[in-house]
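The values are calculated or read from the model by the stated rules, or taken from the named source; none is laboratory data. Source: prediction; values computed, not measured. Backbone-built Cβ (ideal geometry, glycine too); neighbour counts: all protein chains shown.
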Amino acid sequence: MGFSKNNSKAWALLCYVVFIAIAYVAAVEAANGNSSSAGEFNVMQFGAIADGTTDNSEAFGAAWKAACEWKGPSRLLIPEGTFLVGPVLFKGPCPSASPMVVQVKGKVKALTDMSKYPSDEWIVFQYVDGLVVTGGGTFDGQGASAWRLNQCPKKAHCKLLPTSLKFNFITNGEIRGIHSVDSKLFHMLLFGCKNLNVQSIKISAPADSPNTDGIHVGSSSNITISRSHIGTGDDCISLGPGSTQVTVKNVFCGPGHGISVGSLGKFSKEEGVQGLHVENCTISDTTNGLRIKTWAGSDSSSASNFTYEDIVMNNVANPIIIDQQYCPYSSCPQKGPSRVKINDISFKNIRGTSASKIAVNLLCSEAFPCQNVQLDDIKLEYNGQGEASTASCTNVKGVSTGIQIPPTCI
């Protein structure tokens, strides 16, 4: 049975009205920042409110679940605005086609009520292959509300505050163009990750904020950190046990405690650290520059195949330091020498100024002296008036070549 002319006109009018309605809804959604396309999941569509006071934890979790379960390329969008969020777990694996993109355009602020944190975590990405976190947005840990509660600088057994961003078991990932400010503890922790590129990151916290390491790497391999600015209250970048093949380049560090390996040997049966390459970095107004630290009385492990080259130091208290009697507390029980074996360490073209007279301090283990340490073209002058910088070596075997300021102790 066919349509009459009147029915056809009515049908056409109905289609037109529906089209206008759809267009109007789309326009309203776009105006509210909620527009979406296939594979894009805006947290505001899941109930998030960008007022800086509403707890959006559930909305963020729901948006991630939908994005992670999407079968094609997927993107989780955190638009402009300020979103208050408590602990959130972004957990994979995701069946979506790689990459799984998290685009952060706005500011994500942490809750300050510590009773809301059941563990030492704020935002966690876990078990994702092909994760990309980007967008130019900011994660604000609101750490000033909690730093007074941190007892870890004073005693070994302490309750850890939440790390802002944890990346656990992420493979083939990229973190770029985001900011982290005022973390309660570490800004960023990479654990069990493989093939991860971190670039164009800005991390900031006051110089006196406790244990606010910029980026800590543990049990991870093939990690690159580049073109980033890190200024905080602890190590700008630190490597823990099990880290292998890590590259750090074109990073500005300061304030903070420098670029560190360790501390190593605190716990039994730790994995070693192997294959660190630090190049073209600037370290300014820090308590340390390039540091390797191990505990006395440690179990056997190793730290090997490190190259530091083309590094500028500006007013750094300990520009080059190996400390195998590391103790961050007022006193530590003496349990014998460190059993962490340090070997194949190269310092090339390290130049600038030292805020302490001892610019090169290599304090190695009497049980396992540092082996094959190379100092090549070192020029570190003391800032103090009328005095020259010096070097100190204990239990070190190696060679020196090229310019040596201070005069070499190897």
Is it the case that ASN288 is under 27 Å from GLU381 (Cβ atoms) and assigned to a loop (DSSP other than H, G, I, E, B)? yes
Tally the residues that are of a type in the set (Lys, Arg) and either assigned to a strand (DSSP E or B) or under 17 Å from ARG227 (Cα atoms) (or both), restricting the search to the stretch 167-186. 1
Quick check: anything in the stretch 322-330 modelled with pLDDT of 95 or more and either in a loop (DSSP other than H, G, I, E, B) or among the β-branched types (Val, Ile, Thr) (or both)? yes
Selection status of ILE345, within 17 Å of ASP234 (Cα to Cα), part of a strand (DSSP E or B) and among the aliphatic types (A, V, I, L, M): no
THR112 versus (1) among the hydroxyl-bearing types (Ser, Thr, Tyr); (2) surrounded by 21 or more Cβ atoms within 10 Å (Cβ to Cβ); (3) without any contact (Cβ under 8 Å) to a residue 40 or more places away in the chain: which is the lone unmet condition? (2)
The lone condition ASN361 fails out of (1) within 21 Å of ASN305 (Cβ to Cβ); (2) assigned to a strand (DSSP E or B); (3) touching a Ser or Thr at 6+ places or on another chain (Cβ under 6 Å); (4) polar (S, T, N, Q) is (1)
Taking the stretch 364-394 and the residues there that are touching a residue at least 60 places away in the same chain (Cβ under 8 Å) and part of a loop (DSSP other than H, G, I, E, B), the one that is nearest to GLY297 (Cα to Cα) would be SER365
Kindly indicate whether any position in the stretch 334-349 is closer than 19 Å to ILE230 by Cα and either assigned by TED's automatic domain parsing to the domain that holds VAL251 or modelled with pLDDT under 95 (or both). no
Of everything in the stretch 124-145, what is surrounded by 17 or more Cβ atoms within 10 Å (Cβ to Cβ) and either of a type in the set (Asp, Glu) or assigned to a loop (DSSP other than H, G, I, E, B) (or both)? Give them in sequence order. VAL128, ASP129, GLY130, GLY135, GLY137, ASP140, GLY141, GLN142
Looking at ASP208, ASP234, can you tell me which residue is surrounded by fewer than 18 Cβ atoms within 10 Å (Cβ to Cβ) and assigned to a loop (DSSP other than H, G, I, E, B)? ASP208
Counting residues that are closer than 22 Å to ARG176 by Cβ and hydrophobic (A, V, I, L, M, F, W, C), which strands (runs of 3 or more DSSP E) fully inside the stretch 44-123 reach at least 2? 74-78, 82-85, 88-91, 100-104, 107-110
Failed condition for HIS277, given (1) on the phi > 0 side of the Ramachandran plot; (2) modelled with pLDDT of 95 or more; (3) over 16 Å from the mean Cα position of the chain (by Cα), with all others met? (1)
